[in-house]
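Scroll down for the structure; my scribbles are underneath it.
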Amino acid sequence: MDDLRNYVKERYARAIKNNTSCCGSGGCCCGTTGASDILSMTRGNYDGTVLEKTPPQMADQSFGCGNPFTEADIHPGETVLDLGSGAGLDLFLASEATGPSGKVIGLDMTDEMLETAAENLRGLDNVTLVKGYIEEMPLESGTVDVIISNCVINLSPDKGKVLKEAFRVLRPGGRFCVSDTVFLRPVTERAVKNLAAWSGCIAGALQETEYADLLKEAGFIEIEVRRTKVYDVPDALAAMAFPELSAEERKEINGALASAIIQGRKPLVKPKEGRDYMIRRAEAADVSAIAALLEENGLTSLGVAEAPENFLVLEHSGIAAVAGMEIQGDAGLLRSLAVRRKDRKKGFGERMTSAVIDRARSQGVRIVYLLTETAEKFFERAGFTDARREDIPAPLMQSSALDMVCPQGSTVMKKILLQEEC
Ligand SMILES: C[S@@+](CC[C@H](N)C(=O)[O-])C[C@H]1O[C@@H](n2cnc3c(N)ncnc32)[C@H](O)[C@@H]1O
């Protein structure tokens with residue numbers, strides 16, 4: 001394994017030092033300079049307006065074969081890891097996407113690449129460069145939200161190990177979204193060798209199905225391999241590029257290789273109440289955290305500071321969810337159900353709905369109303385049915401102040417509560 005990695009290391013060190021692509025000269029992914037348009041892997045992967053934001057030299061120092069950002073859907077505050085981050089173009093873009101509250105880690109084994117990246121990214125405080133191998137990531141388990149990578153995993157002598165490591169460092173629910181080269185059909189060893197001589201990026205490419213199988217073996221779900229660019233090599237060009245190959249072999253190469261976006265997700269482990277989280281009544285000290293959570297979810301925090309006791313909070317490394325209930329007589333108005341973005345899909349929304357309803361029932365509530373603009377289906381599953389705005393007792397609407405903030409077009413729903421038998 002070390003021989004191969006040292007070979008790749010030398011090639012990339014030379015390429016970045018000379019600031020040239022090594023396309024056609026053997027050893028690393030085809031850059032824009034020196035490669036023909038048809039075989040160029042790096043050209044045209046990023047929108048010109050995106051590249052305008054980056055230091056001018058960075059696009060030419062990119063050895064990627066696609067654009068992982070088309071699918072990565074990075075949100076502010078997330079931790080992003082770039083495998084084989086090279087001179088740092090994708091780190092630069094990730095730094096902007098994740099913002100000052102997020103964190104971006106670039107992992108690469110080549111000193112010269114890391115040095116160039118450090119210069120290119122000077123002043124970006126949320127980026128950390130780490131020297132190491134993608135087969136043995138020097139990172140803690142369960143700490144990364146999104147893994148990106150651009151034309152690197154194909155270079156690894158042990159791709160299965162890379163994908164297992166990726167799975168380990170991702171937090172439950174974390175996303176894997178990389179750009180890489182893949183073979184679309186089996187090709188002969190001679191053809192692979194010739195392609196490798198043209199560009200080291202191709203040499204170790206997996207077939208689409210092999211990639212998906214290795215991801216599955218590592219534990220990923222929601223796996224997708226989507227072709228983004230198929231490399232058609234017209235015979236005249238192939239004859240120039242691969243003089244050793246026969247016409248038959250050249251035909252074999254044509255259209256056998258593609259760039260692809262490869263995605264997967266680490267499954268969520270449902271947290272257990274009492275062990276992983278707890279639900280409790282909100283206190284005055286929680287008001288600002290509740291307001292921030294409501295704001296993140298586009299909901300009003302009117303009335304929270306005045307009566308925090310109307311709210312329940314779910315604690316899971318800070319406040320991960322909130323729900324409130326305004327009560328007048330035997331009617332309740334469920335409001336402010338919100339779950340922190342990174343804690344979605346853990347069942348917290350359902351758990352907070354039932355907790356706030358159980359509490360209302362114990363306070364004598366017989367019917368619960370709510371207004372929603374986006375979550376009708378969610379509340380239908382929780383047993384709510386359609387109602388009319390005028391059904392909600394006026395004092396309840398007024399006391400909650402929701403009358404002022406909920407648009408007339410909001411959906412009104414109700415749930416009749418069965419009282420507990422004595
Ligand atoms: C094709 S370049 C891509 C660089 C960058 N992702 C980009 O888009 O420009 C491959 C990069 O991966 C790094 N690399 C290759 N194999 C690696 C490994 N096994 N462990 C860590 N880094 C590796 C190389 O040093 C190089 O910087």
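FYI, it's all coordinate maths here, none of it is from the lab. From a predicted model like this one, the values you see are computed outputs, not experimental measurements. Positions of Cβ are backbone-derived with ideal geometry, glycine not excepted, and every protein chain shown enters the neighbour counts.
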### Set of lysines with alpha-carbon distance to Lys414 below 27 Å, sequence-local pairs under 8 removed
Lys345, Lys346, Lys377
## Note on the structure
Using the Cα gyration tensor of region 268-422, the equivalent ellipsoid's semi-axes, largest first and to the nearest Å, work out to 23, 18, 16
### Query
Listing Asp343, Asp2 from the residue with the fewest other Cβ atoms within 10 Å to the one with the most, what is the order?
Asp2, Asp343
### Task
List the longest stretch of the chain that has no exposed loop site; here a site is one of the GluC sites (Glu not before Pro) assigned by DSSP to anything other than H, G, I, E or B, with at most 14 other Cβ within 10 Å.
141-243
### Task
Taking a cut-off of 18 Å between Cα atoms, list the aspartates and glutamates near Lys415, but don't count ones fewer than 8 places away on the same chain.
Glu326, Asp330, Glu350, Asp358, Glu373, Glu376, Glu380, Asp386, Glu390, Asp391
### Query
Equivalent-ellipsoid semi-axes (√(5λ), Cα gyration tensor) for region 172-331, whole Å, largest first?
59, 16, 11
### Message
Counting only helical runs of four or more DSSP H residues, what would the 222 nm mean residue ellipticity of the chain come to if each run contributes -39,500 (n - 2.57) and the total is spread over all its residues?
### Response
-9000 deg cm²/dmol
### Task
Whole number please: convex hull volume per residue, Cα atoms of the chain, in Å³.
171
### Task
Among Arg275, Arg359, rank each residue by its count of other Cβ atoms within 10 Å, from fewest to most, as a rough exposure measure.
Arg275, Arg359
### Summary
In region 43-148, the trypsin sites (Lys or Arg not before Pro) that sit in a DSSP loop and have at most 10 other Cβ atoms within 10 Å of their own Cβ are Lys53, Arg122
